[in-house]
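Derivation of every value follows stated rules applied to the coordinates shown; laboratory data play no part. None of the values given here were measured: they were computed from a predicted structure. Glycine gets a Cβ as well: all are built from the backbone with ideal geometry, and neighbour counts include every protein chain shown.
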Ligand SMILES: Cc1cc2nc3c(=O)[nH]c(=O)nc-3n(C[C@H](O)[C@H](O)[C@H](O)COP(=O)(O)OP(=O)(O)OC[C@H]3O[C@@H](n4cnc5c(N)ncnc54)[C@H](O)[C@@H]3O)c2cc1C
């Protein structure tokens with residue numbers, strides 16, 4: 001039976017802590033005061049107060065800090081670990097899909113799932129940094145769920161979230177931290193989160209499932225939702241943390257002081273979304289770093305190693321989607337024949353030298369590896385142990401054939417349906433992992449699964 005003990009209109013303890021802290025701060029509370037005028041325009045008082053609390057950058061920063069403090073509390077963490085049992089649903093990972101699943105589940109009348117996150121900062125890929133370091137590749141629009149090409153819907157919509165990303169800013173393309181905040185607020189309202197909990201394997205003793213953690217040993221659950229995202233950088237073994245960085249290492253560096261100091265010539269390897277975001281940062285057309293000045297830190301030369309990118313400005317304008325158009329003009333030489341950005345249509349592997357990175361006999365101050373991600377296979381969760389889980393004729397997740405475990409999000413690798421092919425959505429392969437496609441599927445899973453009941457795994 002669905003659980004009716006939660007009052008869904010009330011803030012959770014974590015959200016209440018945010019609202020109280022913002023209300024008590026004379027600067028951060030300006031958004032709360034301003035929103036009062038528009039209260040009737042919101043779906044309810046909670047959405048109105050929360051929007052007001054995070055409307056200004058000061059409110060957002062304070063909310064972010066309060067959530068970190070809430071989730072870092074050790075006595076709360078210990079109590080949650082003790083509460084684990086075969087009547088609970090557990091989600092591995094705390095990104096976009098964890099938030100979608102938790103919100104839909106609770107709004108469907110079921111208890112809050114427990115989220116196990118290996119990092120200390122919940123929120124997944126978009127919460128990698130607490131300062132904006134990349135822009136989303138889908139436009140910022142109001143509206144409900146729908147594909148990126150549908151002007152009447154919001155491709156950044158998080159089903160069930162107490163507020164949506166479009167409530168945070170007017171930018172054409174929002175920063176990663178906007179989406180991260182929505183994910184974190186959703187988890188704060190609809191889930192319990194344990195940080196520093198790396199799952200290393202999943203097994204069963206016949207009653208429920210056990211998630212093996214590195215720090216807390218085996219934790220019991222009645223069902224596991226595996227929401228581990230795209231995985232970790234393929235080439236992380238090539239990185240040396242100084243002159244050769246993975247994409248996440250580079251993005252974290254952009255939040256520090258003078259992140260481009262000494263980086264006059266840079267190589268970027270890989271032409272996907274991560275590579276394009278790295279090149280935007282290096283050109284100075286990504287989100288502004290926390291502390292940087294063009295007069296001191298302009299990168300003079302960017303060599304971009306990729307076999308699938310246009311090499312000229314003209315081709316770029318014709319072939320590349322709107323979001324990344326501004327990169328194209330940097331492929332055009334100036335009137336003296338100089339240009340900062342060059343696409344080299346070949347693959348490369350950097351070698352770390354003291355103080356530089358070497359590629360094909362050329363040295364660079366920095367090389368950024370944007371060559372993609374790979375899932376780490378956990379014991380008991382090999383991809384071949386899963387089959388599609390279909391509801392109402394649509395595959396929405398992958399289901400383990402023996403254990404009550406479901407894979408959701410990009411690593412469920414759900415193939416395009418015939419309708420998606422007809423609509424042209426399959427023409428762009430990266431659409432397969434876009435949250436506007438995978439989010440509603442995860443919501444459909446959360447709305448479809450029966451309640452978890454403690455008992456033997458059959
Ligand atoms: C730089 C970049 C930009 C992107 N931009 C967009 C975009 O604009 N639009 C879009 O739709 N998609 C974008 N994506 C794709 C994006 O990753 C997904 O759409 C979305 O973030 C996936 O959400 P998720 O919840 O599945 O995974 P994630 O957000 O990656 O979260 C997975 C979480 O699982 C945790 N985890 C992993 N292994 C374990 C373990 N063993 N134990 C415990 N925790 C674990 C991780 O620490 C992480 O917090 C981008 C990806 C990257 C890398």
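A few remarks follow.
- Those residues of segment 172-212 whose amide nitrogen sits under 18 Å from the label point placed on residue 20, 7 Å along Cα→Cβ: 188-190
- Folded to 0 to 90 degrees: helix 13-24 orientation relative to the chain principal axis, Cα: 60
- Burial order of peptide ranges 59-69, 277-287, 355-365 (average beta-carbon count within 10 Å, highest first): 277-287, 59-69, 355-365
- Label positions at residue 348 and residue 296, each projected 7 Å from the Cα along the C-beta direction, are separated by 2.8 nm.
- Cα long-axis angle, helix 176-190 against the chain (0 to 90 degrees, to the nearest 10): 10
- Proxy reagent accessibility, fewest Cβ within 10 Å first, across 199, 163: 199, 163
- Angle in degrees between helix 57-72 and the longest Cα principal axis of the chain, rounded to the nearest 10: 60
- Gain upon complete extension [residue 69, residue 9; 0.36 nm per residue less C-alpha separation]: 19.2 nm
- Compared with the alpha-carbon gap, the fully stretched path from residue 204 to residue 258 is longer by 14.5 nm at 0.36 nm per residue.
- Prolate/oblate/rounded call for the chain, Cα gyration tensor, a/c under 1.5 rounded: prolate
- Using every pair of distinct Cα positions in segment 1-72, the Kirkwood expression returns a hydrodynamic radius of 12.7 angstrom.
- Normalised by 2.2 N^0.38 Å, where N is the number of residues, the C-alpha radius of gyration of segment 234-372 stands at 0.98.
- Overall shape: oblate for segment 142-260, with the ratio a/c of the largest to smallest alpha carbon gyration tensor axis at 1.5 or above and b/c at least equal to a/b.
- Rounded to 5, percent antiparallel among DSSP beta bridges of the chain: 45
- Backbone N atoms of segment 258-298 closer than 19 Å to the 7 Å Cα→Cβ label point of residue 311 belong to residues 267-272.
- A simple spin-label model places pseudo-atoms 7 Å from Cα toward Cβ; at residue 384 and residue 232 they are separated by 2.3 nm.
- Which of 83, 265 has the fewest Cβ neighbours within 10 Å, and the rest in rising order: 83, 265
- On the beta carbon distance between residue 41 and residue 363, with R0 = 41 Å, the FRET formula returns roughly 0.10.
- Relative contact order (%) - the chain, alpha-carbon pairs under 8 angstrom, separation at least six: 17
- Look at 50, 260 and count the other Cβ atoms within 10 Å of each Cβ; fewest to most, that gives 260, 50.
- Anisotropy class of segment 309-458 from Cα gyration tensor, a/c 1.5 cut: oblate
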